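**Student:** The structure's right below; bear with me while I get my questions together.
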Amino acid sequence: MTNTLPPYPEAHNLLAGKRVLVTAAAGAGIGFAAARRCAEEGARVFISDVHERRSAEAAEALAEFSDEPVGHRLCDVTNEEQVRALVEAAAEELGGIDVVINNAGLGGTCDLVDMQDDEWFRVIDVTLNSVFRMTRAVLPLMIEEGRGVIVNNASVLGWRAQAGQSHYAAAKAGVMALTRCAALEVADKGIRINAVSPSFATHPFLVKTTPKEQLAELEAREAYGRGAAPWEVANVMVFLASDYSSYMTGEVVSVSSQHP
């Protein structure tokens, strides 16, 4: 067992010429890492988030890794109008959309017996319904072009049980099912839809909001004795977004070293 982080991988132009939209990319987690890796791999990137100031800061930071300016737009993924406006803005600025990375999600810990309706519906809305809304909004553009890729962010909790996570696990299991069904519907239209399923990725916000004992427990479940770096999850997203995964659709790829 080792908790040593491997070297950051060099880029290989896997997404050269691709136009990529990433949701929930303003933080320090998987979304920002995915946007950065896409830019490093040659893509033109457009990001969104519900935090306006952080979105602008993220876009400015991402410009360092891109040959093109990184556009951004405020978007609450629970709001249909804002989702459609985001897709329109990204398509206009990029000249189309080749790849969407649905990264928005919301967690929390609460036993089912104590859970209020608003807690349940909020997690489902941000984590599952957002994927539905964004996918529905972008598919007509991709169908018209006869190609496109959607990469969703699920979780191992879509497969595995964990106390206090009924709402989040149900939402992520829903993301997996949506991924598989939607992929079948558009396979003959040149569009691929896949998902990643991370165990957990360590980033500053997670460390700040999670008790040390719980982090230690999560790390102990991993064969490497640590959580993934966000870019390690983003690497798999880039693979699924690239032509190297051309025969994959409706798949949920575990990004985990977790043992039972």
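**Student:** Of all residues being among the acidic types (Asp, Glu) and buried (at least 17 other Cβ atoms within 10 Å of the Cβ) in the range 209-239, which is farthest from Lys18 (Cα to Cα)? Just the residue, please.
**Tutor:** The selected residue is Glu222.
**Student:** Would you point out the residue of the range 152-169, among those that are in contact (Cβ under 8 Å) with a residue 40 or more places away in the chain and within 17 Å of the chain's Cα centre (by Cα), that is nearest to Asn194 (Cα to Cα)?
**Tutor:** Asn152
**Student:** I need every pair where a residue in the range 241-253 that is within 14 Å of Ala195 (Cα to Cα) has its Cβ under 7 Å from the Cβ of a residue that is exposed (fewer than 15 other Cβ atoms within 10 Å of the Cβ) and modelled with pLDDT under 95, sequence separation at least 6 or different chains.
**Tutor:** Close Cβ pairs satisfying both conditions: none exist.
**Student:** Please determine, by comparing only the residues of the range 105-119 that are part of a loop (DSSP other than H, G, I, E, B) and not polar (S, T, N, Q), which one is surrounded by the most Cβ atoms within 10 Å (Cβ to Cβ).
**Tutor:** Once the filter is applied, the top-ranked residue is Gly105.
**Student:** Considering the range 88-104 alone, what residues qualify as being touching a residue at least 40 places away in the same chain (Cβ under 8 Å), outside any loop (DSSP other than H, G, I, E, B) and more than 16 Å from the chain's Cα centre (by Cα)?
**Tutor:** Passing the criteria: Ala89, Ala90, Ala91, Glu93, Leu94.
**Student:** Take the residues of the range 1-39 that are of a type in the set (S, T, N, Q) and surrounded by fewer than 21 Cβ atoms within 10 Å (Cβ to Cβ): which is farthest from Gln258 (Cα to Cα)?
**Tutor:** Among those residues, the one meeting the criterion is Asn13.
**Student:** Same structure, new question: Regarding the range 52-67, can at least one residue be identified that is farther than 23 Å from Val196 by Cα, of a type in the set (Ser, Thr, Tyr) and within 16 Å of the chain's Cα centre (by Cα)?
**Tutor:** The answer is yes; a qualifying residue exists.
**Student:** May I pose another question? Output the helices (runs of 4 or more DSSP H) that fall wholly within the range 130-223 and possess 2 or more residues being modelled with pLDDT under 95, or say none.
**Tutor:** 204-209, 212-220
**Student:** Still on this model: When you check Val123 against the structure, is it of a type outside the set (Ser, Thr, Tyr), surrounded by 14 or more Cβ atoms within 10 Å (Cβ to Cβ), closer than 25 Å to Ala39 by Cβ and at pLDDT 95 or above, yes or no?
**Tutor:** So Val123 fails the test.
The values are calculated or read from the model by the stated rules, or taken from the named source; none is laboratory data. None of the values given here were measured: they were computed from a predicted structure. As a convention, Cβ positions derive from the backbone with ideal geometry for all residues, glycine included, and neighbour counts pool all protein chains shown.
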